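Here the structure comes first, spelled out in structure tokens, and everything after it is commentary.
The values are calculated or read from the model by the stated rules, or taken from the named source; none is laboratory data. Predicted model, so just to flag it, every value in this text is computed and none were measured. We place every Cβ from the backbone using ideal geometry, glycine too, and count neighbours over all the protein chains shown.
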Amino acid sequence: MSEDNKMYNQVFPRIEDWPIYKLSEDRKDFVEELDAFTMQKLELLNGANIGDIISKTIYLERIRLKEEPWKVDPPNERQFWRRIQKRLVKHAMDKEPAQAEKVFEEILHKIVHRYSEEIVGTFRIKTFLFARRFLTVFFTRLLNTAVLRNPRGLWGGKYRLLDRLKVLGETDKIRSLMRKGTVVVVPTHFSNLDSILIGYAMDAFLGLPSFSYGAGLNLYNTGYTAYFMNRLGAYRVDRRKKNPIYLETLKSMSKLSIERGVNSLFFPGGTRSRAGTLETKLKMGLLGTTIEAQRSLLQRGKEEKIFIVPLILSYHFVLEAPFLIEQHLRTIGKERYIRTKDSFNSLWQIIKFTWRLFSSGNEIVLSFARPMDVLGNPVDIEGNSYDQYGNPINIRDYFLRGGEIRKDFQRESEYTKILADKIVDRFHCENIVLTSHLVAFSAFRILKQENKHLDLYGILRLPADEFVFPMDYMKDVVGQLREELLEMEKRKEIKLSAGIHGDLETLINDGIKRMGNFHLKSPLRIDKKGRIVSDSFKLLFYYHNRLKNYELERKIKWKAYELEEVDVEG
């Protein structure tokens, strides 16, 4: 895999030409359009049951306010839902159908409009330009080696980031497609840093206009974060709200903004990967809005296409890994999982963490996968679609019924499932394996092999300071797995970073050095005696999981190695 990094000029140099800016300037009309479309959709899908979904929404919202109140919630939130409930009971229940229907419509409009105003964001040029400058400093500081020892490194320009932040894949094609239609980027999701990192990389490296993206409403609980989120084109997503009116408003917003040509970014997995694995199951809600938007464009006689671009992030480390793997193990283990005490509580540990955060050099890789249309067909640089045999196709034909383009929610639901499968396939085929991924996978498989009588939870309860991974053992397993990965790369089933090639011991040492070097407890490290040891089998398991779905463990031919008796170091 080539790791040549490029930096491009802006596709649209004038920010005033960006679709997200134009949408923000037309926000009032867009909110009105969103209100009308959402109401029409809800009435179409629910018919005579509108009163029921209003009642369900009121019930769920009052529970939310009681059990999960947030500082960001409007001060009149309780009063609003109290008034809505009172009006529903007084003017709609036990009334004649015609009278009740009119009240239902009025109440539904009030609820939808409240959600629309909450969800739709704005975009301010001055705020964006400040954020662009700030993030250049931030990522330079985060990724440059030994920055604390050289304060001048704090102010390094974005060109220094080329060595640490690698943006790879079909970048020229993506830039071309920006002029042919609307681009929707669907990334893997590992860290809270992902949205900021992707947005910065697409702007500073690829020269793409800003994308609309969903930001959790919890991020608006702090004043500074809320200020920037409110002005950078993010739309607000409140994951506490599970009622049908809110979910339909959110999906409608996505559909209408994409239809208007606003490039969009959302995580199809829905949330960060708790286990550290690549996503295998995607959420269909927002993904389905791309298909709905494409059909709507075709119905209106427009030729603009919507292009889907999977994006795979590869980290040597994930800052939240200790907490994510805890959540995953609690979820799947239940009574079998015994949570260990969090040791992040002393001043020395905090200082040590901070030092590692700012003094350890590292890299992050963004792999932009092959773009596709909304049906999962590959597209060329001009946006033309092709089937699996390389024959050109017209996606318009997929939306015809009786010679006309028509709505067919069941058909579009099936198309969404097909698209999801194609995205998952791209996630795995264009995943870039880093040295830390391979080394972590190999080490955990050795640990499992040497404790075959234990289940996962038994292994995780083993004392980490009593196990050594012999270098010869590691070289054997890493070597076998690398040979399999090289064959997979030839079959275009995966991609390998440059560090995977070359001397095995160098590969292993590089993977250990980079893996989790921000954590207080290292998944793997070299101790004072030069031995490979682990401080945390849980973290080792987390980083191992990056290669979990490839069934690589079946390719290992195990040999007997003598394990060292360990004296616990003081």
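If I filter the range 37-57 down to residues being within 31 Å of the chain's Cα centre (by Cα) and crowded, with 16+ Cβ neighbours inside 10 Å, which single residue comes out as nearest to W81 (Cα to Cα)?
Among residues in the range 37-57 that are within 31 Å of the chain's Cα centre (by Cα) and crowded, with 16+ Cβ neighbours inside 10 Å, the one nearest to W81 (Cα to Cα) is T57.
Has the range 1-18 got any residue that is buried (at least 16 other Cβ atoms within 10 Å of the Cβ) and in a helix (DSSP H, G or I)?
So far as the range 1-18 goes, no, none of its residues is buried (at least 16 other Cβ atoms within 10 Å of the Cβ) and in a helix (DSSP H, G or I).
Of all residues in the range 200-210, count the ones that are surrounded by fewer than 23 Cβ atoms within 10 Å (Cβ to Cβ) and touching a Leu at 6+ places or on another chain (Cβ under 9 Å).
Residues meeting the conditions: 5.
One line per residue, one yes/no per condition, for (1) within 21 Å of T277 (Cβ to Cβ); (2) basic (K, R):
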{"residue": "L447", "(1), (2)": "yes, no"}
{"residue": "N451", "(1), (2)": "no, no"}
{"residue": "L456", "(1), (2)": "yes, no"}
{"residue": "I459", "(1), (2)": "yes, no"}
{"residue": "F467", "(1), (2)": "no, no"}
{"residue": "E487", "(1), (2)": "no, no"}
{"residue": "H501", "(1), (2)": "no, no"}
{"residue": "R531", "(1), (2)": "no, yes"}
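Any idea which of (1) in a loop (DSSP other than H, G, I, E, B); (2) in contact with a Ser or Thr (Cβ under 6 Å, 6 or more places away or on another chain) is the one K283 doesn't satisfy?
Going through (1) in a loop (DSSP other than H, G, I, E, B); (2) in contact with a Ser or Thr (Cβ under 6 Å, 6 or more places away or on another chain) one by one, K283 breaks only (2).
Considering only the range 497-524, state which residues are farther than 12 Å from A440 by Cβ and either assigned to a helix (DSSP H, G or I) or over 29 Å from the mean Cα position of the chain (by Cα) (or both).
A498, G499, I500, G502, D503, L504, E505, T506, L507, N509, D510, K513
Scan the range 394-417 and give yes if some residue there is within 25 Å of G169 (Cα to Cα) and of a type in the set (F, W, Y), otherwise no.
No, because not a single residue in the range 394-417 is within 25 Å of G169 (Cα to Cα) and of a type in the set (F, W, Y).
For the range 244-252, does any single residue satisfy the condition of being charged (D, E, K, R), surrounded by fewer than 20 Cβ atoms within 10 Å (Cβ to Cβ), part of a helix (DSSP H, G or I) and assigned by TED's automatic domain parsing to the domain that holds K422? Quick ask: steps written out before the conclusion?
The first filter runs over the range 244-252 and keeps only residues charged (D, E, K, R), leaving 248, 251.
In the following step, the residues that additionally are surrounded by fewer than 20 Cβ atoms within 10 Å (Cβ to Cβ) were identified as 251.
Now drop any that are not part of a helix (DSSP H, G or I), which leaves 251.
After this cut, where a residue has to be assigned by TED's automatic domain parsing to the domain that holds K422 as well, the list is 251.
Within the range 244-252, one or more residues are charged (D, E, K, R), surrounded by fewer than 20 Cβ atoms within 10 Å (Cβ to Cβ), part of a helix (DSSP H, G or I) and assigned by TED's automatic domain parsing to the domain that holds K422.
Looking at Y398, Y389, Y415, which one is in a helix (DSSP H, G or I) and either farther than 25 Å from T188 by Cα or touching a Ser or Thr at 6+ places or on another chain (Cβ under 7 Å) (or both)?
Y398
Select from the range 159-195 the residues that are polar (S, T, N, Q) and either crowded, with 19+ Cβ neighbours inside 10 Å or at pLDDT below 90 (or both) and write down the one among them that is nearest to D421 (Cα to Cα).
So in the range 159-195, the residues polar (S, T, N, Q) come out as 171, 176, 182, 188, 191-192, 195.
Those left that are additionally either crowded, with 19+ Cβ neighbours inside 10 Å or at pLDDT below 90 (or both): 171, 182, 188, 191-192, 195.
Details: T171: 23, T182: 21, T188: 14, S191: 23, N192: 25, S195: 23 Å.
It comes out as T188.
Restricting to the range 58-92, give me the number of residues that are charged (D, E, K, R), in a loop (DSSP other than H, G, I, E, B) and either in the same structural domain as L217 (by TED's automatic domain parsing) or crowded, with 16+ Cβ neighbours inside 10 Å (or both). Steps first, please.
Keep residues of the range 58-92 that are charged (D, E, K, R), which gives 61-62, 64, 66-68, 71, 73, 77-78, 82-83, 86-87, 90.
This time we only want the ones that are in a loop (DSSP other than H, G, I, E, B), so: 68, 71, 73.
Those left that are additionally either in the same structural domain as L217 (by TED's automatic domain parsing) or crowded, with 16+ Cβ neighbours inside 10 Å (or both): 73.
Qualifying residue count for the region: 1.
Answer with yes or no whether E483 is surrounded by 15 or more Cβ atoms within 10 Å (Cβ to Cβ) and either in the same structural domain as K448 (by TED's automatic domain parsing) or at pLDDT below 95 (or both).
On the way: surrounded by 15 or more Cβ atoms within 10 Å (Cβ to Cβ): no; either in the same structural domain as K448 (by TED's automatic domain parsing) or at pLDDT below 95 (or both): yes.
No; evaluated as a whole, the condition is false for this residue.
Working only within the range 486-496, note down all residues that are surrounded by 14 or more Cβ atoms within 10 Å (Cβ to Cβ) and either assigned to a loop (DSSP other than H, G, I, E, B) or not assigned by TED's automatic domain parsing to the domain that holds R445 (or both).
Scanning the range 486-496 gives E493, I494.
Got a number for residues in the range 476-510 being touching a residue at least 24 places away in the same chain (Cβ under 8 Å) and closer than 29 Å to L311 by Cβ? Show your work before the answer.
Kept after step one, since they are touching a residue at least 24 places away in the same chain (Cβ under 8 Å), are these residues of the range 476-510: 476-482, 484-485, 488-489, 492-500, 504-505, 507-508, 510.
Next, from what is left, pick out any that are closer than 29 Å to L311 by Cβ: 478, 481-482, 484-485, 488-489, 492-500, 507-508, 510.
Adding up the residues that qualify gives 19.
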